[in-house]
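Novice: First the structure, which I've put down as structure tokens, then a few questions once you've had a look.
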Amino acid sequence: MFEARLIQGSLLKKLVDAIKELCTEVNWDISNSGINMQSMDGSHVCLVAFNLRADGFDHFRCDRPLTLGINLGNLAKILKCSGSNDIITMKADDNGDTLTLMFESEKQDRITDVDLKLMSIESEHLGIPDQDYSAETSMPSSEYQRIVRDLSSIGDTVNISATKEGIKFSAMGDIGTANITLRQTSSADKEEENVKIEMKEPVLLTFALRYLNNFAKATPLSSTVQVFLTKDLPVQVNYNIQDLGYVKYYLAPKIEE
Amino acid sequence: EPAQPKISKFFSPR
């Protein structure tokens, strides 16, 4: 038996909206420590992982580890039936073939319950090695969203470089070129509005903007985002979900043949 | 145009 109650149910809705376009059919691994998912996108170019800690829920019970095969598009449709202030409870039996979702309004005067059919999904789990990052940048998630969106109107790929000057995003296309450089800041009113750059070595990597743009769908989950760049390795884009967990995206760099 | 490798080139199956 699995049962989890989330007071801030809108986080679940935002999480599913943040990943559903990259991954359609995924396995959620449930254990007494929480809910984990890892999935590649359809083209196997990026990897999406999330963790929701058991202690981030108002109530969490999992008698034995379960794998729930979920069509995220269908789950998103169901979550559309929830109100933005609803409390969401998820339930599944150990050998059941459905996930029950219950939406309670704030005043608990309206209750919706929906059964989502589960599916059997074959998925490959990838091991992510501990990486020694060349550069780690923390910035407002709205800033990241704006950079990748703005550069998408210039080109399809972006060069991201970290140097002493800061972190530079460059795109080139038929209409011209664009560079956006972010420098470290410390003057913002709120700590999370600052840009923090920790560089161990200069690094330059090339990525498809389409995916980086897709990662920005997690913007409503967190006010900040961390971008980890490592020489010749995938970029990692992290959104921490306050008091609950995280969603992480990894994208393979483009490589000169 | 640089090539786009798959993510499994960097992360191995567990």
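Each reported figure results from applying straightforward, stated rules to the coordinates on display, with no laboratory input. What you see is a predicted model; the values in this text were computed from it and never measured. Positions of Cβ are generated from backbone atoms using ideal geometry, with glycine treated the same way; all protein chains shown enter the neighbour counts.
Novice: Using a basic spin-label model with each label point 7 Å from the Cα along Cα→Cβ, how many nm lie between residue A:117 and residue A:59?
Specialist: So the two model labels end up 2.9 nm from each other.
Novice: Hey, which aspartates and glutamates would be in cross-link range of residue A:190, C-alpha to C-alpha under 20 Å, not counting anything within fewer than 8 residues on its own chain?
Specialist: Filter leaves A:136, A:143, A:198, A:243.
Novice: Nearest 20 debye, what's the magnitude of the dipole of chain A about its Cα centre given +1 on Lys and Arg Cβ and -1 on Asp and Glu Cβ?
Specialist: Numbers: 26 positive and 38 negative charges, 104 e Å.
Dipole about the Cα centre, nearest 20: 500 debye.
Novice: If you don't mind, another one. What percent does the relative contact order of the range A:62-132 come to when contacts are Cα pairs within less than 8 Å and at least six residues apart?
Specialist: After rounding, I find 30 percent.
Novice: Could you work out the relative contact order of the range A:1-102, using alpha carbon pairs under 8 angstrom and six or more residues apart, expressed as a whole percent?
Specialist: In percent, rounded to a whole number, it is 41.
Novice: Here is a further query. Bin width 10 Å, origin at 0, all Cα-Cα pairs of chain A: what percent of pairs per bin?
Specialist: Bin by bin from 0 Å, the calculated values are 7, 28, 32, 20, 11, 1, 0.
Novice: Something else now. Can you tell me the orientation of helix A:10-19 relative to chain A, as the angle in degrees between its alpha-carbon axis and the longest Cα principal axis, to the nearest 10?
Specialist: With both axes taken from Cα atoms, the answer is about 50 degrees.
Novice: Pop out the ³J(HN,Hα) list for the range A:78-86 in order, Karplus 6.51 cos²θ - 1.76 cosθ + 1.60 with θ = phi - 60°, rounded to Hz; leave Gly and Pro as x.
Specialist: Whole-Hz 3J(HN,Hα) from phi for the range A:78-86: 5, 5, 5, 7, 8, x, 5, 9, 6.
Novice: Measure off 7 Å from each Cα along the Cα-to-Cβ vector at residue A:76 and residue A:125, then give the distance between these two points in nanometres to one decimal.
Specialist: 2.6 nm
Novice: Can you tell me the FRET efficiency between residue A:67 and residue A:183 if r is taken as the Cβ-Cβ distance and R0 is 41 Å, rounded to the nearest 0.05?
Specialist: Calculated value: 0.35.
Novice: Give the lysines reachable from residue A:107 as a straight Cα distance under 26 Å; neighbours fewer than 8 places away on the same chain don't count.
Specialist: A:13, A:14, A:77, A:80, A:91
Novice: Can you work out the Karplus-derived ³J(HN,Hα) for every residue in the range A:149-161? Use 6.51 cos²θ - 1.76 cosθ + 1.60 with θ = phi - 60°, whole Hz, and x for glycine or proline.
Specialist: With the stated coefficients, the range A:149-161 comes to 6, 4, 6, 5, 7, 9, x, 9, 10, 10, 9, 10, 10 Hz.
Novice: I've got another one for you. With +1 on the Cβ of every Lys and Arg and -1 on the Cβ of every Asp and Glu, and nothing else charged, how large is the dipole of the range A:6-138 about its Cα centre, in debye rounded to the nearest 20?
Specialist: Computed about the Cα centre, the dipole is about 440 debye.
Novice: What average count of beta carbons from other chains do you get within 10 Å of the Cβ of residues in A:245-257?
Specialist: Averaged over the peptide's residues, the number is 3.
Novice: May I pose another question? Calculate for chain A the 222 nm mean residue ellipticity that helices alone would give, adding -39,500 (n - 2.57) per DSSP H run of length 4 or more and normalising by residue count, nearest 500 deg cm²/dmol. Numbers along the way, then the final one.
Specialist: Numbers: 4 runs with 37 residues, N = 257.
Helix contribution divided over all residues of chain A: -4000 deg cm²/dmol.
Novice: Less than 28 Å apart at the alpha-carbon level, and either on another chain or at least 8 residues along: which lysines does that give for residue A:231?
Specialist: A:164, A:168, A:196, A:200, A:217, A:248, A:254, B:6, B:9
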